[in-house]
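No lab work stands behind these numbers, since they all come straight from the coordinates. None of these values were measured; they are calculated from a predicted model. No Cβ is skipped: glycine too gets one built from the backbone with ideal geometry, and neighbour counts run over all protein chains shown.
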Amino acid sequence: MSRSLFRFLLALTAVVAATPGRAQFESIEIDAGRFGFDTLARLAPNLYYRPFDMLGTRPDARALGMGSAYIAMADDPMAIGWTPSGIAMLEDFTLAVDGLNRSSSDTATGFPRVLQIPQSPELAISSYDSRLKSQTLYGSIAAGVPLIQRGSLKFVGGFSWRRYADVARAEETVQDFLLDQGGGFPVTVADDSKERGSVEAFGPTLALQVAPGISVGGTANFLTGRSRLTASTRVNTGGGGSPPPSTERFTQKYDGFSMDLGATVRLGDRLRLAGRLTPEYTLDVTGGSYEVVSSTGVGTSTIRVFGTLSGYELTIPSLLSLGAAIKPIDRLWLTADYVSQKMGDTGVVYTGAAAQSFQDVDVNWLTFENGPIPDAPGPEVPYADLTQLSFGAEYVLFDKSWGKIPVRFGYRSTELPYLAADSLDYSYRYAHVEAAEDGLPVDELSAFAVAQTIGVRYNGPNGQQPDGTGYSFGASFETDRVTYDLGVDVFSYEETEFYGDSVWDAIFNPNPDEGRRILYDDKGTPITPLGQHPNVVSLDRTVTTIRFSATYNFPGLF
Amino acid sequence: MYPRSWLFRGVGLVLMATLMTTGCAKRIPVDDGAFEAQENVVLLFSNDRSLHGKIDTDSSVRYVDAGSSYRAQISSVSETTIILEGVVLEKSAGSVEEAALRLGDSRMAVDDEIPEIVLLRSEVEGVERVGFDGPTTLRNVTFWGLSGVILGFLLGERS
């Protein structure tokens with residue numbers, strides 16, 4: 001709500017208002033106190049509608065090139081991120097590193113074509129672009145070494161520091177406005193969200209080859225990490241006098257522990273089966289500090305809103321992954337993977353004093369004069385069951401004395417583990433309705449002659465689960481000691497978001513029924529049908545991920 | 001910028017440079033045994049001895065005898081002998097007594113001032129030219145460079 005409203009005020013000031021002789025304004029500070037997810041959903045939808053993604057963090061460019069149908073092929077230190085039993089295949093001390101770049105292109109539809117600003121000409125929206133911000137990130141650093149070998153019995157140890165779950169979702173949005181009557185300067189409003197951090201895992205892995213071709217393993221994941229959002233909104237009027245940018249900050253810290261368990265079976269040289277189970281685990285999330293600072297224009301008041309999202313325990317459901325690989329002819333591997341995680345069962349429990357206090361938070365600045373809406377003590381989070389089915393192929397294109405070049409292709413169908421923003425998630429709060437509910441006498445209800453929106457109410461997630469398909473390709477260059485891998489994945493899906501990241505404000509996402517005449521029956525019950533929900537923008541999004549990884553063998557080092 | 005940060009960066013750069021350049025030299029056997037005075041070579045002698053460096057007068061070389069390494073200077077080079085002077089033990093293999101015994105068994109003539117080692121060129125069993133190992137260097141530079149970049153992203157995300 002706040003960011004887009006402030007953005008509007010910035011634009012309004014820059015484009016429309018000629019304000020000679022500005023008065024001196026004082027800064028305004030609003031303490032939102034300690035709030036819960038219901039408030040967060042109204043306050044900053046972009047922080048609420050996002051996946052908790054444990055699939056996109058699985059390392060190895062080789063895997064990405066095969067459409068993530070890889071668990072049965074995992075046999076180097078990167079296997080720790082797929083199935084810990086995979087490192088049982090190591091013969092020497094081996095070190096592997098992995099990184100990625102992720103970006104997106106989007107086509108937005110459903111946004112308003114014209115903004116009607118009171119007492120000013122209409123602003124036409126000439127373009128609206130919203131996309132995931134391009135980011136280059138580390139993926140994993142992992143090592144493994146054989147420890148003990150007695151006949152066919154072999155112990156292999158490993159250690160890794162890796163990205164375990166993605167929680168950040170940096171976006172950038174650019175809007176161009178033109179005065180509808182053709183006058184004035186064009187205006188560009190840009191949101192730039194810099195967001196870093198993830199849930200990271202570090203810890204040891206132990207794999208045991210119990211018989212030739214059969215191995216089991218486990219990884220102890222000590223979970224840590226934090227996410228930090230720093231977003232700014234800038235207005236370029238093209239004519240100078242642009243107002244100062246508004247900023248938004250949010251931080252969270254993660255702590256926890258989880259186990260990954262896995263098994264791999266190799267039946268001869270041509271068939272491999274593998275599985276991984278990550279049992280349910282709990283993350284302790286703290287430090288949800290939130291702040292928005294904005295100004296309505298050059299030399300005008302600075303408004304600072306701050307508060308804290310209550311600490312909470314996030315119980316992540318177990319993840320199951322199964323895969324098979326078959327080698328029908330020399331040089332060719334065909335693979336298939338299935339992943340399931342009942343993210344719809346994710347649990348949230350507020351922790352500490354916050355669980356007691358957030359219900360009393362004064363959120364009048366959100367709901368105007370009609371009092372706060374207490375956050376529900378058992379919040380819903382917009383997560384949905386994850387299912388992914390993927391297929392891959394690897395073909396050795398060249399196999400020479402100087403090296404080997406395999407190429408890979410893959411396809412996947414993925415249901416993303418969250419529910420997108422939906423207009424049914426919110427409903428407007430009307431002054432006349434709440435006045436009636438508060439027991440205002442029928443004869444006095446006539447004072448509410450027209451619809452007046454006093455806020456929004458969060459109803460819980462009702463949106464669609466985004467699902468899409470991805471195509472991937474990749475290649476490796478393998479020498480005697482080092483292997484370099486490159487993988488590219490292009491994943492397309494549709495989702496929705498609120499225009500201007502706002503569930504309601506008077507300009508960017510107004511209630512279309514605002515100001516409509518209200519009619520009552522004899523009992524004082526309003527009979528005028530009114531819209532109940534804000535509008536959303538549809539995004540046709542294509543996310544491109546490029547992974548690069550390298551593996552180095554150190555024969556005889558240990 | 002705090003001095004400690006510079007220290008960490010310095011140590012990291014040195015470590016990275018070491019990892020990148022380790023193993024960048026390779027030894028290529030010379031079939032006919034011919035070499036130039038300006039070339040960096042390894043002469044392999046009988047009885048597990050070798051001489052590393054440029055075989056030229058006043059050149060500083062490394063002499064290895066059964067695992068023990070000595071720093072020395074070439075005093076003269078003829079068609080029959082290579083004479084080393086200023087011999088200093090750098091690394092000893094085995095006990096001091098064993099090293100002394102090996103030196104005593106060798107063709108070493110020690111006068112009052114300068115220890116001297118006379119190497120007979122007739123005992124040269126092989127010559128290897130020390131060259132730049134391009135593929136190994138490229139392999140190391142790319143792997144450790146990539147590792148450094150990814151480690152930087154990891155630390156940057158946590159800073």
Roughly what angle does helix A:2-15 make with the longest principal axis of chain A, taking Cα atoms, 0 to 90 degrees, to the nearest 10?
60 degrees
Segment A:193-342 - convex hull of alpha carbons, volume per residue in Å³:
170 Å³
Highest average packing first - A:327-335, A:142-150, A:398-406, A:79-87, Cβ atoms within 10 Å:
A:79-87, A:142-150, A:327-335, A:398-406
For a quick check of your reading of the filter: which trypsin sites (Lys or Arg not before Pro) in segment A:444-542 sit in a DSSP loop and have no more than 12 other Cβ atoms within 10 Å?
A:Lys523
Counting Lys +1, Arg +1, Asp -1, Glu -1, what net charge surrounds A:Thr335 among other residues with beta carbon under 12 Å of its beta carbon?
+3
Along segment A:193-205, what does the Karplus equation 6.51 cos²θ - 1.76 cosθ + 1.60 (θ = phi - 60°) give for ³J(HN,Hα), rounded to whole Hz, x for Gly and Pro?
9, 9, 10, 10, x, 6, 7, 10, 10, 9, x, x, 10
Treat every Asp and Glu Cβ in the protein assembly as shown as -1 and every Lys and Arg Cβ as +1, leave all other atoms uncharged, and give the resulting dipole magnitude about the Cα centre to the nearest 20 debye.
580 debye
Here the net charge surrounding A:Val145, from other residues whose Cβ is less than 11 Å away from its Cβ (Lys, Arg +1; Asp, Glu -1), is -2
Under 5 Å from the placed amide H of A:Ala376, counting only residues 5+ away or on other chains, we find A:Asp38
For A:Leu309, distant residues with modelled amide H under 5 Å away:
A:Phe35, A:Gly288, A:Ser289, A:Tyr290
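What is the Cα radius of gyration of segment A:385-463 over 2.2 N^0.38 Å, N being its residue count?
Cα Rg divided by the expected 2.2 N^0.38 Å: 2.52.
When only Cα pairs under 8 Å and 6 or more residues apart are kept, what is the percent relative contact order across segment A:107-159? Kindly include the intermediate steps, with their values, before the conclusion.
On the way: 44 pairs, mean separation 11.8, N = 53.
It rounds to 22 percent for segment A:107-159.
Highest mean first, how do A:262-271, A:490-499 rank when packing is the count of other Cβ atoms within 10 Å averaged over residues?
Descending mean neighbour count gives A:490-499, A:262-271.
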Amide H contacts under 5 Å for A:Ser198, restricted to residues at least 5 apart in sequence or on another chain and with H modeled in the peptide plane, are A:Arg226
As a footprinting exposure proxy, order A:Ser246, A:Ser318 by other Cβ within 10 Å, with the fewest listed first.
A:Ser318, A:Ser246
Give me the net charge for the shell around A:Gly556: Cβ to Cβ below 11 angstrom, other residues only, Lys and Arg +1, Asp and Glu -1.
-2
Sorted by average packing, counted as other Cβ atoms within 10 angstrom per residue and highest first, what order do B:42-48, A:217-223 take?
A:217-223, B:42-48
Per residue of B:140-147, what is the mean number of Cβ atoms on other protein chains within 10 angstrom of that residue's Cβ?
5
In Hz, Karplus ³J(HN,Hα) per residue of segment A:310-326 (6.51, -1.76, 1.60; θ = phi - 60°; x = Gly, Pro)
4, x, 7, 9, 9, 8, 8, x, 5, 10, 10, 9, 10, x, 9, 9, 9
The alpha-carbon center of segment A:36-54 and that of segment A:106-165 are separated, in whole Å, by 16 Å
Taking each residue of B:148-157 in turn, how many C-beta atoms of other protein chains fall within 10 Å of its C-beta, and what is the average?
6
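Mind checking the full-extension length gain between A:Ile527 and A:Glu514? Use 0.36 nm per residue of separation minus the Cα-Cα distance, one decimal, nm.
3.1 nm
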What does the convex hull of the Cα atoms come to per residue for segment A:145-215, in Å³?
125 Å³
For A:543-549, what's the mean count of beta carbons from other chains sitting within 10 Å of each residue's beta carbon?
1
Enumerate the calculated ³J(HN,Hα) couplings along segment A:492-502 in order (Karplus 6.51 cos²θ - 1.76 cosθ + 1.60, θ = phi - 60°), each rounded to whole Hz, writing x wherever the residue is Gly or Pro.
10, 7, 10, 8, 10, 8, 7, 4, x, 6, 9
Value of D in µm² per second that Stokes-Einstein yields for the protein assembly as shown, Kirkwood Rh from Cα pairs, at 37 °C (0.692 mPa s)
108 µm²/s
Go through A:Leu137, B:Tyr63, A:Val174 and say which Cα lies farthest out towards the positive end of the charge dipole of the protein assembly as shown; charges sit on Cβ, +1 for Lys and Arg, -1 for Asp and Glu.
B:Tyr63
Amide N proximity, segment A:194-212 versus A:Leu147 label position 7 Å along Cα-to-Cβ, cut-off under 12 Å
A:204-209
